[in-house]
Amino acid sequence: MNIYSYEEAFGAWDKTTRAMREAIANWFSLYYRQKETKEADPCQRVAYAIVSKLTKTVFGEYNATAPEAFGKKVIAAMDKTRKEAVQLAMIGGECYLKPYPEGEGFGFTLIPRNRILIFARNAAGMPTDVGTLEKTTLGRFYYTLLERRRVEGDTLVLENRLYRSLNPDTLGSRVSLSSHPDYAALTESGRLPLNSVGLVQLKTPMANCVDGSREGVSVYAAAAGLIDNIDKNEAQLCGEFDRGQSRIMVSADLLDGEQGLTGNLFVGLDEAAEQVGITIFSPTLRQESYLARKQEYLRNVESVVGLKRGMLSDANMEDRTATEIASSAGDYNLTVMDFQDMWQEALGQGIGLCAELSRIYGKEPVPEDLSFCVDWGNGVLYDEDKTWESYRQMVAEGLLKPEIALGWRFQMPADTPEEQKKVRSKFMPQAGD
């Protein structure tokens, strides 16, 4: 029996609203679409530019570490996917990292928002029942692996189903997991003592502007309409130049048999030569009007997304003051810091989840200390060297413990007495305990 719907295959209803489904599809379309249509030309690739520039800045000076070897291994594994994971979260509003055993530690696969169905969420917005999709091809067949993860009390229930089809747009019929070598080792069902779906969630920090739900939204969700207008404006501008080419209109019989007179310059009219004559048509281009409109759209996108003035538009336009440009730089840095916090939160989730899985699978011993530190480097809003000097001055004046200042300087946690003791033993040997 052929199955045509994911919800039918899972036997569950996706709680995502229709408005959100349409928005998610549009966000991915804005990012990936490349083909020009009669109405729009996406050559500006605005969505791609936004995501690319933000990601590069977020991880420009990034460095993460942990005091224990276990945490370092998890961070190293997550770092292999961090840029792609953050990009997918920015595109679709959410992205999930799925840990799997690999050697002595764990590896991570990515699940973008358009490859996961949310059947239930808790009050905090975390999924408690999901279905994920993984598509592959083998020979002339298209395979789709469906995995359902649902929480029942303190237990995670897993279900795997494999479907095969000759058409990439349908699921086809259900087949054995052994039908595909990549899935032969999987079991159709299983249970783990976990009180979560076992996924690391990356969720964008913006409030939902589509339906007001707890769903994450794309970084350019509020600017989707502006991006559509930019693409339409680009198509109109290109059409203006195409139509602006000079034409010489003559009778069609004057062009018969002549070489080099047909093409973009000469246009033959099916009239007699004495009635048509030769007419030159050279329309005036309205380039400045179209470019001015495009610049206004781009500046509006920068304002809505929280980008620095000039990242997409021309920052030196006469109608933009230095104060406005400087203000936009501060907004941009705050935007970057929001996404840095998003990844830092994901690191904490990943280390905690891998610790639970390591205990379940009986892998390497899990240390009690699962702390980690992230150094994002110098930013626009603060200077690391100046901050260090301020800390030193506060220590000298007795306003701050030296352990806290040293912990900040060398990316070591120093909040608890135990953590401060570790700082003293490493950097203050004469201080004793």
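The values are calculated or read from the model by the stated rules, or taken from the named source; none is laboratory data. Since we're looking at a predicted model, the values are computed, not measured. Don't worry about glycine lacking a Cβ; one is built from the backbone with ideal geometry, like all the others, and counts go over all protein chains shown. The accessibility values were calculated without ligands, DNA or RNA, using every heavy atom of the protein model including side chains. Shrake-Rupley method; radii C 1.70, N 1.55, O 1.52, S 1.80 Å.
The figures follow:
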quantity	calculated
Pairs where the first residue, in the range 188-201, is modelled with pLDDT of 95 or more and the second is basic (Lys, Arg), C-beta under 6 Å, 6+ apart	197/149; 199/98
Residue that is assigned to a loop (DSSP other than H, G, I, E, B) and of a type outside the set (A, V, I, L, M), where the choices are 163, 183	183
When residues of the range 12-70 are limited to those that are of a type in the set (Ser, Thr, Tyr) and assigned to a loop (DSSP other than H, G, I, E, B), the one surrounded by the fewest Cβ atoms within 10 Å (Cβ to Cβ)	37
Options 97, 110: the member that is touching a Cys at 6+ places or on another chain (Cβ under 7 Å), within 23 Å of residue 188 (Cα to Cα) and assigned to a strand (DSSP E or B)	110
Close pairs from the range 147-160: first outside any strand (DSSP E or B), partner surrounded by fewer than 16 Cβ atoms within 10 Å (Cβ to Cβ), Cβ under 6 Å, at least 6 apart	154/195
Residue satisfying all of: in the range 1-11; buried (at least 17 other Cβ atoms within 10 Å of the Cβ) and aliphatic (A, V, I, L, M); farthest from residue 218 (Cα to Cα) among these	3
Any hit, the range 180-192, residues being farther than 30 Å from residue 72 by Cα and open to solvent by less than 40 Å² (accessible area, probe 1.4 Å)	yes
Among (1) surrounded by 16 or more Cβ atoms within 10 Å (Cβ to Cβ); (2) modelled with pLDDT under 95; (3) not aromatic (Phe, Trp, Tyr) - the single one residue 82 does not satisfy	(2)
In the range 193-210, residue most open to solvent (accessible area, probe 1.4 Å) [restricted to those that are of a type in the set (S, T, N, Q) and in a loop (DSSP other than H, G, I, E, B)]	195
Whichever residue in the range 111-127 is open to solvent by less than 40 Å² (accessible area, probe 1.4 Å) and over 16 Å from residue 144 (Cα atoms) and, among such residues, is modelled with the lowest pLDDT	125
Long-range neighbours under 6 Å by Cβ, at least six apart or interchain, first residue in a helix (DSSP H, G or I) within the range 222-238, second open to solvent by 40 Å² or more (accessible area, probe 1.4 Å) and of a type in the set (Lys, Arg)	233/293
Subset of the range 346-374 (residues that are among the charged types (D, E, K, R) and part of a loop (DSSP other than H, G, I, E, B))	363, 364, 368, 369
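Conditions (1) among the β-branched types (Val, Ile, Thr); (2) at pLDDT 85 or above; (3) within 30 Å of residue 192 (Cβ to Cβ), marked per residue:
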site	(1), (2), (3)
359	no, yes, yes
373	no, yes, yes
387	yes, no, no
401	no, yes, no
410	no, no, no
419	no, yes, no
422	no, yes, no
430	no, no, no
